[in-house]
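Undergrad: This is the structure I want to talk about, given as structure tokens.
The values are calculated or read from the model by the stated rules, or taken from the named source; none is laboratory data. From a predicted model like this one, the values you see are computed outputs, not experimental measurements. Neighbour counts run over all protein chains shown; Cβ positions are idealised from the backbone, glycine included. Side chains are part of the model used for accessible areas, which takes the heavy atoms of the whole protein and leaves out ligands, DNA and RNA. Shrake-Rupley method; radii C 1.70, N 1.55, O 1.52, S 1.80 Å.
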Amino acid sequence: MSAGHTEVTTPVPGEPVIVCDTPQDECGVRDVLDRLGDKWSVYVVVELASGIRRFKELQRAIPGAVSQRMLTLTLRRLERDGLVGRTVYPTIPPQVEYELTDLGHSLTHLVKALADWSIAHRPAIAAAREAWDAARAEPATASADLR
């Protein structure tokens, strides 16, 4: 558990799931969410969960055509957070490999759980979105009357 974190509670309507000793989310949740909530970090963790990868292997494996700059920044941030290890081999040109650290591997079960939850609930989320959109759609005649 992170510093300042006191407990994980049973969800009760209107009460927080995580209780911190200090205000302003000082229990570390924001830090973790900022890192894993960016566009590319989870993809990198998923790819490295399969094993060691070189930079170009990672770049090709990640869906969505991540730029070289963005992948470099993402790997540096994950390395700084202790989730990814970087090994440079003294060859010409230098060969660099990336792998998950023990801390990074400890995250993979959570990423898998999130992916499983997403897959299991995709139809319900799609239905909720359709219902929400339909309830808020303006009838064609109403928008024509406003002109």
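Undergrad: Which residues, taken from the range 97-147, are at pLDDT 95 or above and not in a helix (DSSP H, G or I)?
TA: Glu97, Tyr98, Glu99, Leu100, Thr101
Undergrad: The conditions are (1) modelled with pLDDT of 95 or more; (2) outside any helix (DSSP H, G or I); (3) open to solvent by less than 60 Å² (accessible area, probe 1.4 Å), and Leu75 fails exactly one of them. Which is it?
TA: (2)
Undergrad: Within the range 21-57, which residues are over 18 Å from Val111 (Cβ atoms), at pLDDT 90 or above and open to solvent by 90 Å² or more (accessible area, probe 1.4 Å)?
TA: Arg54, Lys56
Undergrad: Among residues belonging to the range 78-94 that are more than 17 Å from Thr108 (Cβ to Cβ) and charged (D, E, K, R), point out the one that is least open to solvent (accessible area, probe 1.4 Å).
TA: So, considering only residues that are more than 17 Å from Thr108 (Cβ to Cβ) and charged (D, E, K, R), the one least open to solvent (accessible area, probe 1.4 Å) is Arg86.
Undergrad: Contact list please: Cβ distance under 8 Å, first residue in the range 82-110 and without any contact (Cβ under 8 Å) to a residue 12 or more places away in the chain, second residue aliphatic (A, V, I, L, M), pairs at least six apart or on different chains.
TA: Here the result reads Val88/Val96; Tyr89/Val96; Pro94/Val88, each pair linking the range 82-110 to a residue that is aliphatic (A, V, I, L, M).
Undergrad: Condition (residue is surrounded by 10 or more Cβ atoms within 10 Å (Cβ to Cβ) and touching a residue at least 40 places away in the same chain (Cβ under 8 Å)) applied to the range 58-70: is it met by at least one residue?
TA: yes
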